[in-house]
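See structure below.
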Amino acid sequence: MPIDIDNSSKFAEYADPRALVSTEWLAKNLGVGSLVVLESDEDVLLYQTGHIPTARKIDWHTDLNDKETRDYIDGQGFADVMSRLGIKREDTIVLYGDKSNWWAAYALWVFKLFGHEDVRLLDGGRDKWISEGRELTKDVPSVASTSYPVIERDDSKLRAFRDDVFTHFGKPMIDVRSPEEYAGERLTAPGYADEGATRAGHIPTAASVPWSKACNEDQSFKDRAGLEDVYLKGASLEGHSDVIAYCRIGERSSHTWFVLKYLLGIEKVRNYDGSWSEWGSLVKAPITLGTEPGPVPVLA
Amino acid sequence: MATLETAEALIKDFEILRDSERLDLLLEFSEALPELPKRYADHPELLERVEECQSPIFLFVEIDEEGLTRLFFSAPPESPTTRGFASLLFSVIDGLPVKEALEFDQDFPFKLSLSTAVSLLRLRGMLGILSRIKRQLREKSEL
């Protein structure tokens with residue numbers, strides 16, 4: 001049984017009002033039978049230091065990534081993780097996390113690759129919950145394992161690979177990294193580890209819209225009008241129905257992917273998770289330096 | 001005082017654990033990271049930021065009058081993994097003679113059996129801390 005949506009007026013304006021829940025809504029619904037709360041953080045220990053009551057932990061790297069190949073787990077792997085976490089296919093999942101929900105959005109995107117129907121984000125994430133003085137616990141809930149069906153991952157609609165980027169030139173792309181990374185002045189976000197790209201810059205034609213433009217000060221999402229200003233007007237996405245977003249390894253762009261897909265309702269939005277750590281190392285891949293998107297490249 | 005045997009013992013401690021217990025142990029280290037003494041807490045500009053870490057962490061290295069390495073860290077409680085990395089390095093390097101600290105095994109972060117529990121990507125942050133400790137030591141000791 002799907003759980004009622006959060007029918008706050010802010011969410012009602014989004015293309016999909018079911019995609020978000022507020023901290024108030026979550027506080028009221030904690031403990032409802034088919035609701036599963038999942039914390040997905042950048043920091044692998046943060047959950048252990050205190051989390052939202054009943055929340056279970058999922059880790060973007062150790063749970064959702066394949067152990068050997070640079071790829072996500074397969075259908076059997078996903079079924080195993082879901083079963084271990086006591087999740088049923090029809091459960092309502094609310095994801096939240098640190099760092100403005102980057103990794104929660106990333107997990108949500110992977111859940112959608114497996115077609116899990118009802119997955120929502122907690123607006124404002126972990127920080128907002130804590131800043132409002134809401135309850136935290138160190139109690140790890142004991143869950144009975146479930147038998148989640150093996151569903152093959154569908155990469156065709158929500159995920160872009162490098163070859164898709166080459167055929168996408170002429171249609172909009174959004175680079176959500178910092179302005180310094182976009183311009184090619186540095187390879188990583190300020191304060192972040194070098195994840196191995198050999199060249200700096202951006203994919204030609206991509207517009208620069210740092211992920212944080214989607215957020216208010218308290219890390220909740222801007223309202224629909226605010227998001228339209230940033231993306232439809234600011235990045236000229238008005239009237240476009242096919243967009244690719246990328247960042248460095250796909251986490252910040254999952255956040256923007258969520259905004260474009262669910263809050264603004266753009267029909268086809270794909271996350272290029274290879275992102276700069278692939279493109280910036282790819283032999284002969286065209287690169288533009290500086291603050292302008294640059295022209296469509298002539299491909300050999 | 002740390003000794004090189006401590007590093008070996010720590011590697012063994014982690015080796016025999018399951019992944020979930022390794023995270024628990026890392027969390028214990030995280031909680032045990034010593035507070036900054038007042039002389040640094042009041043002068044954050046003296047501390048060096050570790051750029052390789054995903055979370056903000058700052059460090060300062062001293063050589064005391066006996067020629068031993070002294071480490072100081074500052075990292076927020078909402079970055080427990082980074083605090084845990086710093087605390088592990090503190091436990092094995094703080095108190096070592098400078099020469100031994102400079103020769104400390106650069107592969108130590110990858111010998112702690114944390115690659116599956118924490119991921120290699122995150123472990124690079126510990127390598128960044130270790131490299132910066134040694135660089136500051138080299139600069140200050142002129143060895």
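Nothing in this text is a laboratory measurement; each read-out follows from the coordinates by a stated rule. Quantities reported herein were computed from a predicted structural model and do not represent experimental measurements. Backbone-built Cβ (ideal geometry, glycine too); neighbour counts: all protein chains shown.
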Using the Kirkwood radius over Cα pairs of segment A:92-155, the Stokes-Einstein translational diffusion coefficient at 37 °C and 0.692 mPa s, in µm²/s and rounded to a whole number, is 242
Taking a ≥ b ≥ c as the square roots of the Cα gyration tensor eigenvalues, with a/c under 1.5 meaning rounded and otherwise prolate when a/b beats b/c or oblate if not, segment B:22-95 comes out oblate
What helix-only [θ] at 222 nm does the protein assembly as shown give? Using -39500 (n - 2.57) per DSSP H run of at least 4, over all residues, to the nearest 500, the answer is -8500 deg cm²/dmol
Here the whole-number average of other chain Cβ atoms within 10 Å per Cβ of B:73-82 is 4
To the nearest 10 degrees, the tilt of helix B:120-141 (Cα long axis) against the first principal axis of the alpha carbons of chain B is 20
Inter-chain shielding metric for B:20-30, i.e. average beta-carbon neighbours from other chains within 10 angstrom, reads 2
Note on chain A: contact order normalised by length, alpha-carbon pairs under 8 Å, 6 or more apart, percent, works out to 20
Cα convex hull volume per residue for segment B:32-143, in Å³, equals 100
Per 10 angstrom bin, beginning at 0 and ending with the bin that holds the maximum distance, the Cα pairs of segment A:135-227 fall in percents of 11, 25, 29, 24, 11, 0
Ordered by number, the chymotrypsin sites (Phe, Trp or Tyr not before Pro) in segment A:265-299 that occupy a DSSP loop and have at most 16 other Cβ atoms within 10 Å are none
Kirkwood Rh over alpha-carbon pairs of the protein assembly as shown plugged into Stokes-Einstein at 4 °C, 1.567 mPa s gives a D in µm²/s of 56
Most packed first (mean Cβ within 10 Å per residue), the peptides B:17-23, A:138-144, B:121-127, A:264-270 order as B:121-127, A:264-270, B:17-23, A:138-144
Shape call for segment A:162-279, from the Cα gyration tensor axes a ≥ b ≥ c (a/c under 1.5 means rounded, otherwise prolate when a/b beats b/c, else oblate), comes out oblate
Output field shielding_mean for A:37-49 (other chain Cβ, 10 Å radius) holds 5
log10 I(q)/I(0) for segment A:9-131, Debye formula on C-alpha points only (no solvent), q = 0.09, 0.10, 0.22 Å⁻¹, two decimals, reads -0.23, -0.28, -1.41
Sorted on mean Cβ neighbours within 10 Å (highest first), peptides A:41-53, A:158-170, B:128-140 come out as A:41-53, B:128-140, A:158-170
Nearest 10, in degrees from 0 to 90: the angle of helix B:4-15 to the longest Cα principal axis of chain B is 30
